[in-house]
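Just below is one structure, and these are the notes that go with it.
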Amino acid sequence: MSTHIIGVGGYLPEHIMTNDDLAQIVDTSDTWIRERTGITQRHIIDKDEYTSDLATRAAAQALEDAGLSIDDMDAIVVATTTPDMIFPSTASMVQHKLGGKGFPAWDIQAVCSGFVYGLAQVDGMMKGGMFKRVLLIGAESMSRILDWQDRNTCVLFGDGAGAVVLEFNDDEGGVVGSVLHCDGSYRDLLLAKHAHPGASPHHTRAKQDRLNMNTDAAGVAAVEMKGNEVFRFAVTKLGEVVKEVLEKYDVAQSDVDWLVPHQANIRILNATAKKLGLTADQVALTVAQHANTSAASVPLALNDIYRAGKVKKGQLLLLEAFAGGFAWGANLVRWSK
Ligand code: ACO
C-alpha cells in the first residue's frame with residue numbers, strides 16, 4: 001500500500017503583472033528581472049479574492065481530475081504563508097466553500113516548502129492508517145505581504161494555488177518517501193517580521209490598487225530578504241537534499257525522470273538540475289510565468305507538466321523546495337496515474 005496522487009489541479013488569478021508594469025512602481029527593469037531570476041510576469045490576486053478562493057478553485061479541479069467529490073475526502077490540508085485570517089484555518093474555509101463538513105481540515109506553515117512538508121506529513125498519516133483520501137493544497141497570496149517599494153523582494157513573488165488528491169491504495173508506485181530539514185538560526189535572512197493580521201483584503205485593500213501599490217498600512221507584514229545569502233544557502237542545501245532523498249530510498253540519480261522544484265529563481269533551479277544530471281526538458285518550469293508562488297509553486301509546476309501530458313505512468317519525480325526558516329526538503333514520487 002502507498003500514497004498516490006490521483007488528481008491534480010491549479011488556479012492562477014486573472015490579473016497578470018508584467019516586469020514592465022513593475023518598472024512603473026520601483027526602480028527596476030524587465031532585463032534585470034529576467035536575467036537575474038528568469039521571471040517575466042506574475043499573477044496577482046483580485047481585491048475581493050482570498051487565499052481560500054484560489055485554494056478552492058485548484059482543489060475543485062483536482063477533485064474533478066480524480067473523478068471524486070468533496071464527500072469522498074477524509075481530510076483537507078492547506079500549506080500557506082498567507083492565510084485568509086490568523087484563524088480559523090484556510091483549510092476550514094476551503095472545506096466550507098467546497099461544501100464539505102465534519103472531516104478534519106488544517107493548515108501547515110513551512111513557507112515555500114509547505115507543499116513538500118505537507119506531502120511528507122499526509123503520506124506518514126496515511127501509512128499510519130489515519131486517512132484513505134486527502135486533499136493537499138498549496139495556496140498563497142504573497143502580493144499581500146510584500147513591500148511594494150522594495151525592489152529586492154517585490155519583483156520575485158506571485159499568487160496562485162495548486163492541489164492534489166491523495167489516495168492510499170495498493171496500486172504500483174506512489175510516494176516513495178521524503179526528507180525534511182529546518183534550521184531556525186537563519187531566520188533573519190528571510191522573514192516577514194510583524195505578527196501579521198492575515199492576508200485579508202480588508203487589511204491590504206490600499207496595497208491592491210494595482211500600479212499604486214504600497215505598504216503603508218501599519219502592522220502589515222512585509223517580506224525581507226538578504227537575497228545573496230539565501231541564494232548561496234539554497235543552492236547548497238538543495239544540492240544536498242536531492243542526493244540525500246535518493247540515497248535514503250536507494251534510488252539511482254539516473255532513475256529520476258522529472259525535477260519538480262520550488263520556483264524561486266531559474267538559476268537555483270538550473271543548479272539543482274545540473275547536480276542531478278538532468279536536461280532542461282526534465283525540469284518542470286513555471287517561474288517565468290508565475291514567479292515565486294511560495295507553497296503553491298511545486299503543485300503548480302506539477303499541474304503544468306501533468307496538464308501538458310508530459311508525465312508518464314511509472315516515471316520518477318523528485319519534488320524539492322527551499323524556504324524561509326530556513327526550511328527545506330524533498331519528496332520522491334513514482335507517478336501512478
Ligand atoms: N531591479 C534592479 N536592480 C535590483 C533589483 C531589481 N528588482 N533588486 C536588486 N537590485 C540590485 C541590488 O540593489 C544590487 O545593486 P548594488 O550592487 O548596486 O547594491 C544588485 O542589483 C545586485 O543585487 P544582488 O542581491 O547581488 O542580486 P542577485 O544576483 O543575488 O539576485 C535575487 C537577487 C534574485 C533575490 C537572488 O539573490 C535570489 O534569487 N535569492 C534567493 C531567493 C530564494 O530562493 N528565496 C527562497 C524562497 S522564498 C520564501 O521562502 C518566502
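Points to keep in mind about this one:
- Matching residues, the range 50-107, being of a type in the set (Val, Ile, Thr), within 16 Å of Pro299 (Cα to Cα) and assigned to a helix (DSSP H, G or I): Thr51, Thr56
- Subset of the range 141-189 (residues that are within 12 Å of the ligand (Cβ to nearest atom) and β-branched (Val, Ile, Thr)): Ile145, Thr153, Val155
- Scanning the range 34-44 for residues that are touching a Leu at 6+ places or on another chain (Cβ under 9 Å) and either at pLDDT below 95 or of a type in the set (D, E, K, R) (or both) yields a total of 1.
- Hits in the range 19-35 (condition: open to solvent by less than 100 Å² (accessible area, probe 1.4 Å), under 17 Å from Asp147 (Cα atoms) and more than 7 Å from the ligand (Cβ to nearest atom)): Asn19, Asp21, Leu22, Ala23, Ile25
- Residue, farthest from Ser294 (Cα to Cα), within the range 87-110, restricted to residues that are of a type in the set (Gly, Ala, Ser) and open to solvent by less than 40 Å² (accessible area, probe 1.4 Å): Gly100
- 1 or more residues within 16 Å of the ligand (Cβ to nearest atom), open to solvent by 20 Å² or more (accessible area, probe 1.4 Å) and of a type in the set (D, E, K, R): qualifying helices (runs of 4 or more DSSP H) within the range 251-332: 266-275
- Tabulated pairs, the range 99-123, first farther than 28 Å from Phe157 by Cα, second modelled with pLDDT of 95 or more and in a helix (DSSP H, G or I), C-beta under 8 angstrom, 6+ apart or interchain: Gly99/Ile70; Gly100/Ile70; Gly100/Asp71; Lys101/Gln95; Phe103/Gln95
- Residue among Ile16, Ile44 that alone is β-branched (Val, Ile, Thr), within 30 Å of Pro88 (Cα to Cα) and open to solvent by 40 Å² or more (accessible area, probe 1.4 Å): Ile16
- For Asp53, the stated conditions do not hold, so it cannot be described as at pLDDT below 95 and either surrounded by fewer than 18 Cβ atoms within 10 Å (Cβ to Cβ) or out of contact with any Ser or Thr (no Cβ under 8 Å at 6 or more places or on another chain) (or both).
- Contacts under 7 angstrom Cβ, first residue in the range 285-307 being without any contact (Cβ under 8 Å) to a residue 60 or more places away in the chain, partner open to solvent by 10 Å² or more (accessible area, probe 1.4 Å) and among the β-branched types (Val, Ile, Thr), 6 or more apart: Ile305/Val311
- Taking the conditions (1) modelled with pLDDT under 95; (2) open to solvent by less than 30 Å² (accessible area, probe 1.4 Å) in turn, Gly219 satisfies each one other than (2).
- Flag set for Asp84, criterion: touching a Ser or Thr at 6+ places or on another chain (Cβ under 6 Å) and either crowded, with 22+ Cβ neighbours inside 10 Å or in contact (Cβ under 8 Å) with a residue 12 or more places away in the chain (or both).
- Restricting attention to the range 111-140, the residues being under 28 Å from Gly99 (Cβ atoms), within 13 Å of the ligand (Cβ to nearest atom) and open to solvent by less than 10 Å² (accessible area, probe 1.4 Å) number 4.
The values are calculated or read from the model by the stated rules, or taken from the named source; none is laboratory data. All of these numbers come straight from a predicted model, not from anything done at the bench. Here Cβ is always computed from backbone atoms with ideal geometry, including for glycine, and neighbour counts include all displayed protein chains. Note: areas computed on protein heavy atoms with side chains; ligands, DNA, RNA excluded. Shrake-Rupley method; radii C 1.70, N 1.55, O 1.52, S 1.80 Å.
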